[in-house]
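Please read the structure below before turning to the comments.
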Amino acid sequence: MFLSDVNVQNVGKTKIEQYGERLLDWLADKVFEFAIALVFLFIGFKVCKFLVKIIGKSFAKADIEDSVAGFLLSVIKGILYAIIFVMAISIVGVQVTSLVAILGTASLSIGLALQGSLANFAGGVLILLMKPFKVGDYIIENDKNCEGTVVAIDIFYTKLKTYDNRIIVIPNGNITANSLVNVTAEKSRKLDISIGVSYDSDIKLVKNVLTEIVMSSPYYDKTKEMNVFVDSFQESSIKMGVRCFVKTEDYWSAKWEINEAIKTMFDAKGIVIPYNQMEVTIKQ
C-alpha cells in the first residue's frame, strides 16, 4: 500500500509538471499576442473614458436629470469596458463564443425574473429623459384616474399629492404604458363657464353683463381672445357660455370669483337663473 501511494504521488507530480510545461509553452507562444492585447486594453480604456466624458457633456447640455445621467453613464461605461475586454481576450486566441452565450442566457433569465421592476425602471428613465411632466405639475393618470401634483419622480415610482393632502405612488411602468393629462404644462389655461338664463331674458343684456364681469376680473388675460355666446337651448333655460384665458396657477381662483360675480350681477340686473320646477294642476 505504501509503494502504491508513492507511485500515485509521482504520477500526480508528473502530470502537474506536464501541465505547467504546456502552460509555459503556450504563454511563450502568445507573448506577442499578450503584448498586443495589453496595448489594446490601454488604448481602449483611454478611448472609453474620452467617449464617456463627451456623452456626459451632451447629457448636461440636454438638461437630463443628474440621477439618470449618472446611471446611464455607468451603464455605457460598463458596456464599453466589457466589449474591449472581450476583444482583448479574442486577440490572445481565447474562444469567447461560449462566454458570450453564457452571459446572454444569464441576462435573459435575470430579465424575465425582474420583468416588472425593469418595466418600472425603463419607465422612470423615459419619464426623466422625455419629460412629459416634471415635479410641480398637476397630472391626471387615465388608467386608474389618479390625479395630483407631482412631488417626486424616482427611478421606479412617481409620487403625487392630492388636493386633500394624500400621497399616491404610481409605478412608472403604468404611467408610460397609458395616456395622461398634464394640466399645468402650459402657462395659461382656458376657463370655460356655462350659465343658464330664462327665456324671458334680454340676450344682449346678458352678453354685456358677462363681458363686463370677465373684463373686470384681475385674472383675465387681456392679451388673448374672450368669447361670450349662446351655447344651446335647454328645456327650461338658454345656456350661455363664457370662454377666456387665465394663468394656470390662477385657474380655480378665477373660476370661483367669476361664478360669484355672475350671480351677484345677475341679481342686480334682474336676470333670472332658472331652476327645475314642477307645476301640479289639480282638476275637480
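Observations on the structure shown:
- Set 61/187; 134/255; 57/224 screened for pairs whose C-alpha atoms are more than 29 Å apart: 57/224
- Mean Cα-pair separation over length for the range 188-269, i.e. relative contact order, pairs under 8 Å, 6 or more apart, %: 42
- Shown is the FRET efficiency for residue 126 and residue 212, computed with R0 = 35 Å from the Cβ-Cβ distance and rounded to the nearest 0.05: 0.15.
- Taking other C-beta atoms within 10 Å as the exposure proxy, 138, 163 rank 163, 138 from fewest upward.
- log10 of Debye I(q)/I(0), alpha-carbon scatterers only, for the range 188-269 at 0.12 Å⁻¹: -0.32
- The ranking of 146, 244 by Cβ neighbour count inside 10 Å, starting from the fewest, reads 146, 244.
- Backbone N under 18 Å from the residue 268 label point (7 Å along Cα→Cβ), restricted to the range 206-230: 206-220
- Under 17 Å from the residue 198 label point (7 Å along Cα→beta-carbon), backbone N, the range 222-244: 234-240
- Less than 5 angstrom separates the built amide H of residue 157 from those of 172, all sequence-distant by 5 or more or on a different chain.
- Amide H contacts of residue 272 (H built 1.01 Å from N, under 5 Å, at least 5 apart or other chain): 198
Every number here is computed from the coordinates shown, using simple stated rules; none is lab data. For clarity, every value in this text was computed on a predicted model and none was experimentally measured. Cβ: placed from backbone, ideal geometry, glycine included. Neighbour counts: every protein chain shown.
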